[in-house]
1. By how many nm would the segment from Thr178 to Ala110 grow when fully extended, if each residue of separation counts as 0.36 nm and the alpha-carbon distance is taken off?
2. Taking amide hydrogens as modeled 1.01 Å from N in the peptide plane, which residues meet the under 5 Å criterion relative to Gly155, leaving out close sequence neighbours?
3. Report Rg(Cα)/(2.2 N^0.38 Å) for the range 157-208, keeping two decimals.
4. Which residues' amide hydrogens lie under 5 Å from the amide hydrogen of Phe183, considering only partners 5 or more residues apart or on another chain, with H built in the peptide plane?
5. Between the alpha-carbon centers of the range 146-174 and the range 42-119, tell me the distance in whole angstrom.
6. Evaluate E = 1/(1 + (r/R0)^6) for Leu189 and Phe119, where r is the Cβ-Cβ distance and R0 equals 22 Å; express this FRET efficiency to the nearest 0.05.
7. Name all residues of the range 45-80 having a backbone nitrogen under 17 Å from the label point set 7 Å from the Cα of Ala211 along its Cα→Cβ direction, giving them as ranges.
8. Counting other C-beta atoms within 10 Å, and keeping those with at most 12, which DSSP coil trypsin sites (Lys or Arg not before Pro) do you find in the range 104-198?
Amino acid sequence: MDAQTPPRRRAESEGAEAADPSGDRDGLDTAAMGARVRALRQRGGLSTADLALRAGVAAGLISQIERGLGNPSLRTLDRLRLALGVSLGALIEGEPAAGADPAFVRRRGARPHLTVGPFAVDKAILSPPATEGLRFLLITMPPGSRIDEMIREKGQKAGLVLRGAVRLAVAGCEAVLTEGDSFQFDADLPHVLVNDGPRPAEFVWIMAGPAYATPE
């Protein structure tokens with residue numbers, strides 16, 4: 001699914017994200033994040049329906065997220081933070097605690113994790129909370145998994161394979177990348193990632209462009 005998908009269809013697709021009754025996942029307190037989403041929405045004088053319309057997602061999904069039950073994708077969180085006019089860090093982590101590390105630091109033990117999709121792909125956010133214009137993740141793909149609903153947008157995407165192997169297809173051209181291999185391409189080209197191997201594939205995924213800036 002790309003950025004050109006009509007809002008209604010996008011909302012239906014996002015609404016299909018399953019509720020996660022377990023609540024918290026490693027590195028991401030979904031209950032606290034849900035409370036922040038509700039507070040930001042109310043501070044902006046928005047109803048759930050208003051925010052859903054702005055973000056292009058289903059109102060039911062927002063209700064789940066606010067109750068700490070949703071299992072939102074990074075794409076959904078980006079839509080919400082743009083609609084609310086805040087950074088991704090402010091949405092999922094809130095204000096830094098007193099005496100915390102400088103805003104340009106992300107400690108290994110403080111990485112928010114998102115486990116998304118039917119293949120349970122793990123996306124750990126490596127970018128420090130206050131950074132803008134660029135985002136980088138540590139993605140772990142289980143054997144036999146694929147990511148084929150990548151957002152297409154202005155900017156660049158790049159990465160470095162740390163272990164295992166991943167097959168990357170960009171605009172119809174394919175390459176199998178193994179440990180130590182790197183890549184970079186225009187983010188508005190269609191692209192798919194597949195792990196055909198018997199072991200998990202782990203790679204750094206970098207995204208740069210206007211979509212990762214906080215709205216004025």
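None of the figures in this text is laboratory data; all of them are computed from the coordinates on show. This structure is a prediction, so every number in the text was calculated from the model and none was measured. Because the Cβ atoms are built from the backbone with ideal geometry, glycine has one as well, and the counts that use them run over all protein chains shown.
1. On the way: separation 68, 0.36 × 68 = 24.48 nm, distance 2.73 nm.
Contour length minus Cα-Cα distance gives 21.7 nm.
2. Ala187, Asp188
3. Details: Rg = 10.4 Å, N = 52, 2.2 N^0.38 = 9.9 Å.
Rounded to two decimals, the normalised Rg is 1.05.
4. Result for Phe183 returns Gly159.
5. The distance from the Cα centre of the range 146-174 to that of the range 42-119 comes to 24 Å.
6. Working: r = 22 Å, r/R0 = 1.02.
Step by step, r from the Cβ atoms, then E = 0.45.
7. Only 55-57, 73-80 fall inside the zone, counting backbone N under 17 Å.
8. Values: sites: Arg106, Arg107, Arg108, Lys123, Arg135, Arg146, Arg152, Lys154, Lys157, Arg163, Arg167; in loops: Arg106, Arg107, Arg152, Lys154.
Answer by residue number: Arg107, Lys154.
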